[in-house]
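The values are calculated or read from the model by the stated rules, or taken from the named source; none is laboratory data. Because the structure is predicted, anything quoted here is derived from the model rather than measured. All Cβ positions, glycine included, derive from the backbone under ideal geometry; neighbour counts span all protein chains shown.
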Protein chains: 2
Amino acid sequence: MNISVLGCGRWASFHAWYANHIGHNVKIWGREGSKHLEQLQTTHQNEYLSLSPDITYTNDLKLALKFADTIIISISSQQLRNLAKEIKKTDLYMQKTFILCMKGLEISTGKRLSEVFTEEIGEDCHVGVWVGPGHVQDFLKGIPNCMVISAKNTDISKHIINIFSSDLIRFYYSEDLIGTEIGAAAKNVVGIAAGMLDGMHYTSLKGALMARGTYELSNLIKALGGNNMTVYGLSHLGDYEATLFSAYSNNRCFGEDFVLNKPFSKLAEGIYTMQALLKLADKHHVELPICAVINEIVINHKNPKEELLNLFMRPLKAE
Amino acid sequence: MNISVLGCGRWASFHAWYANHIGHNVKIWGREGSKHLEQLQTTHQNEYLSLSPDITYTNDLKLALKFADTIIISISSQQLRNLAKEIKKTDLYMQKTFILCMKGLEISTGKRLSEVFTEEIGEDCHVGVWVGPGHVQDFLKGIPNCMVISAKNTDISKHIINIFSSDLIRFYYSEDLIGTEIGAAAKNVVGIAAGMLDGMHYTSLKGALMARGTYELSNLIKALGGNNMTVYGLSHLGDYEATLFSAYSNNRCFGEDFVLNKPFSKLAEGIYTMQALLKLADKHHVELPICAVINEIVINHKNPKEELLNLFMRPLKAE
């Protein structure tokens, strides 16, 4: 089957590798002048992986859309609306299935990525999300994992799962798109908090962080009309190993470096997600104590140790 | 306030240290001839900690019970029924509060420890459990944590919390004694599974393990009349950092050594808990896939890799 991958960063290149690995014909699209695209096209590799020479490349969006009925999108979350507008203009989106392999929320609106995409393309477009745990490095070594697909209707999820299942990735599907997207995005904020605890040698509070982090997000998801249990599945709790405990987690490393006053080149994705979550929480009258504390520390420069200890060491109360 | 600690192993000695640390008068009881008791009495220390010389020692159970109205019990789970019988015989249990600082189930019956204790002492005895995350080593360094108290009625929990709260341990209470005890005991089984995954270099599957482990136990707790959400609080999920990720976790180390065919001196506590849980699950018609697989591997000598991959790599299904 033909698969187009829109995007050529780390996670996009993994998806291209994976689709090729399980026998599909793959075309990668990147913007004109993209250094990532140029590197992949000329060397067939990046710092994470090597790609088969069978994979083709283009910077022509129309060509990429014509190539396949199944389109993986893996770009920076904040760029999704623009890309969706460009896809809309091509008029080449009918009867295609788009799969968003990205975790985030639109900062300016607090919207989920499938909402953003559907707003631009139209309500009847087929869009699913593909999230959950998994390190690129592990998959390349042949270490399997479980991931999760969600869409507005389960037929779309099952269609995607049929195309991409293998011994390397076993998919579950979730009927709760809201909870899946919020949970997948929000785990990066919990990852930042975990990194801060690690940096202060309070690693043992990561247990309490897991219990409280899932809980506050389950409340938000419920208020948004999702299922409060989704956060305890693969899209959020199932991603805690990779996000809260792995030395490779960008968001965890950011939190650790932040409290150690180490320089960091750019804000972690979780910081943007945190701002979007706080906007959503405010609108829906839900409290997000962990997100609020990370915001106080990173944006308002409050003392990390004081804020985090206050968060966990509250007075007598029920769980 | 006077506090007696029944038991003189690692966790009991920590409780004695902690009660003394926050200003209580402490007496430790151990059985006649106990080497742990003798060591603490003569050297005021064990391999984990040093105790204040203010702490007194006895092997006379009556003396220990007369000394205090608040009695901490921290002994091997399978010995609890015998100790409860001995306490009953002294007739010195009225108006006292007993706090079980231990995690396990009675193997022969599948019963929770507070059930076992109440069966022997009587329905009207005041008994609470004190569980949740926390490494002895971290507490000694002054690193705080949150823990959880549960009892049949919340007044008992609040009474215990008032006696033991400090800047080092902040308590939450849970109104679900069933869920708290099952979750606290069962985390050791999930810890064994985590160690097996680590040993096979499948550490990245620990994310899926966390999502599936909590889920199967929430089903059992519900069937037993508890609250299916308790497992996501401090007593179970909140203890995953210490149990699934710490290099010190006995149960995690057991699982790792087991799949690496390293010799181990004795079965981990989680193996007994697993057998009790499977008994309970059978009785209440609940499936516990993770417990069942660990049982197949450890007791029935099935292939760990095959069994664990089968567990996670199941066919298309909803979460």
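Listing for the model above:
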| item | result |
| --- | --- |
| Any chance A:Asn250 is closer than 25 Å to A:Val116 by Cα, modelled with pLDDT under 95 and surrounded by fewer than 24 Cβ atoms within 10 Å (Cβ to Cβ) | yes |
| Matching entry among A:Ile71, A:Ile87 (being assigned to a helix (DSSP H, G or I) and over 30 Å from A:Ala281 (Cβ atoms)) | A:Ile87 |
| Exclusive hit being modelled with pLDDT of 95 or more and within 14 Å of chain A (Cβ to nearest Cβ), set B:Ile161, B:Ile99 | B:Ile161 |
| B:Phe258 being surrounded by 19 or more Cβ atoms within 10 Å (Cβ to Cβ) and over 30 Å from A:Phe164 (Cα atoms) | yes |
| Enumeration of residues in the range B:47-65 that are under 30 Å from B:Tyr248 (Cβ atoms) and surrounded by fewer than 18 Cβ atoms within 10 Å (Cβ to Cβ) | B:Glu47, B:Tyr48, B:Ser50, B:Ser52, B:Pro53, B:Asp54, B:Thr56, B:Asn59 |
| Scope the range B:273-319; condition among the hydrophobic types (A, V, I, L, M, F, W, C) and surrounded by fewer than 14 Cβ atoms within 10 Å (Cβ to Cβ); matching residues | B:Ile299, B:Ala318 |
| Single match in A:Leu311, A:Leu278, A:Leu267 (criterion: under 30 Å from B:Val148 (Cα atoms), out of contact with any Cys (no Cβ under 7 Å at 6 or more places or on another chain) and among the hydrophobic types (A, V, I, L, M, F, W, C)) | A:Leu311 |
| Residue in the range A:265-319 that is modelled with the lowest pLDDT, counting only those that are in a loop (DSSP other than H, G, I, E, B) and within 14 Å of chain B (Cβ to nearest Cβ) | A:Leu316 |
| Meets criteria (in contact (Cβ under 8 Å) with a residue 12 or more places away in the chain, surrounded by fewer than 16 Cβ atoms within 10 Å (Cβ to Cβ) and either in contact with an Asp or Glu (Cβ under 6 Å, 6 or more places away or on another chain) or outside any strand (DSSP E or B) (or both)) for B:Gln79 | no |
| Condition met for B:Leu224 (surrounded by fewer than 24 Cβ atoms within 10 Å (Cβ to Cβ) and modelled with pLDDT of 95 or more) | yes |
| Subset of the range A:202-246 (residues that are assigned to a loop (DSSP other than H, G, I, E, B) and either β-branched (Val, Ile, Thr) or at positive phi (or both)) | A:Gly225 |
| Qualifying residue in the range B:135-151 (condition: closer than 30 Å to B:Leu51 by Cα and away from every other protein chain (no Cβ under 13 Å)) | no |
| Tally, over the range A:134-150, of residues that are in contact with a Phe, Trp or Tyr (Cβ under 8 Å, 6 or more places away or on another chain) and either in contact (Cβ under 8 Å) with a residue 60 or more places away in the chain or closer than 22 Å to A:Gly226 by Cβ (or both) | 10 |
| Residues satisfying the stated conditions in the range A:219-239, i.e. touching a helix residue (DSSP H, G or I) at 6+ places or on another chain (Cβ under 6 Å) and either within 13 Å of A:Gly195 (Cβ to Cβ) or of a type in the set (D, E, K, R) (or both) | A:Asp239 |
| Test: residue in the range B:245-253 that is aliphatic (A, V, I, L, M) and in contact with a helix residue (DSSP H, G or I) (Cβ under 7 Å, 6 or more places away or on another chain) | no |
| Residue match in the range B:2-11 (condition: touching a residue at least 40 places away in the same chain (Cβ under 8 Å) and more than 13 Å from B:Ser74 (Cβ to Cβ)) | yes |
| Subset of the range B:227-244 (residues that are buried (at least 24 other Cβ atoms within 10 Å of the Cβ), at the interface with another protein chain (Cβ under 7 Å from one of its Cβ atoms) and out of contact with any strand residue (DSSP E or B) (no Cβ under 8 Å at 6 or more places or on another chain)) | B:Tyr232, B:Leu237, B:Tyr240, B:Glu241 |
| Top-ranked residue in the range B:191-210 [being without any contact (Cβ under 8 Å) to a residue 60 or more places away in the chain and either in contact with a helix residue (DSSP H, G or I) (Cβ under 7 Å, 6 or more places away or on another chain) or away from every other protein chain (no Cβ under 12 Å) (or both); ranked as surrounded by the most Cβ atoms within 10 Å (Cβ to Cβ)] | B:Gly207 |
